[in-house]
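Shown next, in structure tokens, is the structure this report addresses.
We did not get these values from a lab; they are worked out from the coordinates using the rules stated. This structure is a prediction, so every number in the text was calculated from the model and none was measured. Please note: Cβ atoms are built from the backbone with ideal geometry, for glycine as well, and neighbour counts cover all protein chains shown.
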């Protein structure tokens with residue numbers, strides 16, 4: 001058998017230390033200690049502005065009058081430092097601080113990035129708010145909650161026209177909040193232009209403010225996605241960010257070998273895009289090309305266009321994005337050649353990547369460049385800044401999350417028949433802003449953050465292989481027989497069996513006799529139906545070809561099941577998409593199991609009492 005060849009990539013953490021605690025408790029850490037890390041991220045901005053002043057820090061395509069995009073607009077490290085000092089001076093003059101921080105409503109963009117750097121420089125916390133709270137939501141309840149929690153002194157939106165409705169609905173004209181806009185005006189309201197903010201003349205006060213910041217200074221607030229409750233504001237500090245970047249470099253040494261080049265769409269209101277990826281660029285003197293595409297049927301073309309032009313050194317995406325890229329590379333030689341030309345590693349997070357997608361990527365890579373690209377992944381959360389565990393070698397399988405990063409200690413504790421992983425280390429949040437009770441509940445008696453994530457060993461006989469993700473403990477439930485249903489692995493099986501037509505699934509059957517599944521499909525399912533483009537999603541899903549296909553998927557799953565806990569006995573295809581207003585989905589496309597079950601309780605009841613039309617049962 002021919003050995004599999006991978007593009008060379010070093011892994012810095014490959015061995016672990018395990019010690020026993022109280023009965024049912026173990027502690028796991030990396031054998032390699034965490035090396036010293038910086039005190040503040042702004043030190044890196046200074047370093048690169050002096051060492052490589054002309055290198056591009058961030059770039060975004062120019063927007064054309066017809067709505068399209070043109071050439072890249074670039075900001076160098078020297079320009080970024082100059083703008084950060086100017087904007088920081090303007091923020092100081094306004095007396096902003098943690099009690100009256102900056103709220104950024106807009107998507108990823110150059111102005112967004114420069115305002116964030118200005119906040120970092122001045123020591124003024126900021127919060128990148130999920131754009132769908134303003135642009136998709138109809139009731140603006142989550143946006144109101146965010147603003148009420150933060151009490152911002154300044155709110156920024158790039159485009160007045162797009163954000164006007166949200167601003168008018170949530171910020172009364174008499175509110176003591178300055179509104180800054182990059183483009184346009186709000187009729188009848190006083191606003192400040194971003195250009196005016198960025199034109200402020202710096203004084204020695206701004207440099208003094210920057211030097212007064214340190215490891216405990218709050219950099220930003222990142223809100224959790226929220227499930228059955230409103231989102232919580234996770235406090236992020238310089239210590240968290242700097243420690244996590246050092247952990248990254250020790251886990252993936254290639255990040256420091258050359259300035260990284262990223263082509264990235266991941267939203268900065270999430271820790272993956274805003275801390276992990278932006279941090280990789282800033283800490284290592286790289287370049288971030290803002291990808292205004294997304295892994296959706298209407299926006300993926302922009303991502304593919306960018307990847308045909310800009311060759312990343314490491315590429316990050318969520319599983320649905322990699323699925324679309326894998327499909328495109330099969331027939332697009334320019335995409336294959338450019339994307340694979342110098343990339344050292346692919347990396348996914350946010351959900352499980354199905355093995356068929358993994359296999360497709362490897363086939364294309366071997367055909368194009370004669371070797372595979374390592375597909376990395378890990379485990380973490382907003383509260384861990386973000387990642388805590390990383391893969392430890394090239395032989396990664398779907399669901400593997402690896403070993404703890406240097407400097408973080410894991411507590412593995414038995415909970416309801418599973419093993420919960422808890423975190424303690426310098427990259428862990430000090431808590432939730434203005435929520436002392438939630439903060440107290442999040443940490444156990446030893447100071448470990450309780451994640452609610454379950455893990456198990458990849459190989460019980462070899463701890464150095466690391467851990468696998470085993471679902472969310474809060475999502476697991478019992479059937480009426482008392483049998484536990486492990487939700488995470490079973491959802492992954494449905495996604496794999498139904499690829500590429502399944503986005504995600506929600507499992508039902510709490511305290512009932514059987515497990516059911518509500519399946520959310522991708523737009524690609526329209527190709528199965530054979531209907532015209534104007535057909536509704538309900539018509540597509542109820543068509544005979546689609547029903548027949550998913551009947552085969554269900555039968556396949558049933559044949560592979562070993563008992564009632566992993567046998568899907570009822571399956572229904574969901575024509576109504578998950579609602580962001582109700583917390584059923586994040587803007588990265590991750591489905592919230594608990595929220596869907598809560599808001600669709602009547603549908604779940606109909607699924608299990610046999611009155612829901614177009615419910616499939618195993619044959």
Completion exercise
Quick shape check on the range 177-248: root eigenvalues a ≥ b ≥ c of the Cα gyration tensor, a/c under 1.5 is rounded, otherwise prolate if a/b tops b/c, else oblate, and it reads oblate
Problem - Relative contact order computed over the range 46-188 (Cα-Cα under 8 Å; 6+ residues apart), in percent - result: 20 percent
Exercise for the section: Calculate the spin-label point distance for residue 54 paired with residue 299, positioning each point 7 Å from the Cα along the beta-carbon direction, and give it in nanometres. Expected result: 3.5 nm
Exercise for the section: Please give, to one decimal in nm, the separation of the simple spin-label points placed at residue 535 and residue 4, each 7 Å out from Cα toward the Cβ. Expected result: 3.8 nm
Practice task
Any chance you could check the Cα centroid distance between the range 186-229 and the range 161-175 for me, in angstrom?
Solution key: 19 Å
Practice task
Work out how far the C-alpha atoms of the range 545-619 reach from end to end along every principal axis, then list the three figures in whole Å, largest first.
Solution key: 37, 29, 27
Fill in the blank from the handout: In nanometres, the difference between 0.36 nm per residue of separation and the alpha-carbon distance of residue 26 and residue 72 is 11.5 nm
Problem - Relative exposure of 341, 579, judged by other C-beta atoms within 10 Å (fewest first) - result: 341, 579
Problem - Rg/Rh ratio calculated on Cα atoms of the range 371-530 (Kirkwood radius) - result: 1.02
Handout entry: Cα convex hull of the chain, projected area averaged across orientations, nm²
Key = 28.5 nm²
Problem - Burial ordering of 194, 272, fewest other beta-carbon atoms within 10 Å first - result: 194, 272
Handout entry: Value at 222 nm in deg cm²/dmol, rounded to 500, when DSSP H runs of n ≥ 4 in the chain each add -39,500 (n - 2.57)
Key = -9500 deg cm²/dmol
Completion exercise
Here the FRET efficiency for residue 606 versus residue 395, based on Cβ atoms and R0 = 56 Å and rounded to 0.05, is 0.80
Practice task
Give, in nm to one decimal, the length gained when the segment between residue 547 and residue 141 is fully stretched (0.36 nm per residue of separation minus the Cα-Cα distance).
Solution key: 142.5 nm
Practice task
Could you work out how far helix 238-251 tilts from the main Cα principal axis of the chain, as a 0 to 90 degree angle to the nearest 10?
Solution key: 60 degrees
Exercise for the section: May I ask you to compute the full-extension gain from residue 97 to residue 456, defined as 0.36 nm times their residue separation minus their alpha-carbon distance, rounded to one decimal in nm? Expected result: 125.0 nm
Exercise for the section: Pop the C-beta distance of residue 369 and residue 65 into the FRET formula with R0 = 60 Å and round what comes out to the nearest 0.05. Expected result: 0.90
Problem - Rh (Kirkwood; distinct C-alpha pairs) - the range 246-395, Å - result: 15.5 Å
Completion exercise
Looks like the range 72-213, by Cα gyration tensor root eigenvalues a ≥ b ≥ c and the a/c under 1.5 rounded cutoff (else prolate when a/b is bigger than b/c, oblate otherwise), is prolate
Fill in the blank from the handout: Debye calc, one equal point scatterer per Cα of the range 477-616, no solvent, log10 I(q)/I(0) at q = 0.10, 0.12, 0.18, 0.20 1/Å comes to -0.31, -0.45, -1.05, -1.31
Problem - Residues of the range 76-102 with amide N under 20 Å of a point placed 7 Å along Cα→Cβ from residue 212 - result: 84-102
Problem - For the range 325-411, alpha-carbon Rg over 2.2 N^0.38 Å - result: 1.22
Exercise for the section: State, in angstrom, two size descriptors of the range 524-563 derived from its alpha carbons: Rg to one decimal place and Dmax to the nearest whole number. Expected result: 12.5, 42
Handout entry: Footprinting exposure proxy for 549, 112 (fewest neighbouring C-beta atoms within 10 Å first)
Key = 549, 112
Fill in the blank from the handout: Here the FRET efficiency for residue 564 versus residue 168, based on Cβ atoms and R0 = 60 Å and rounded to 0.05, is 0.70
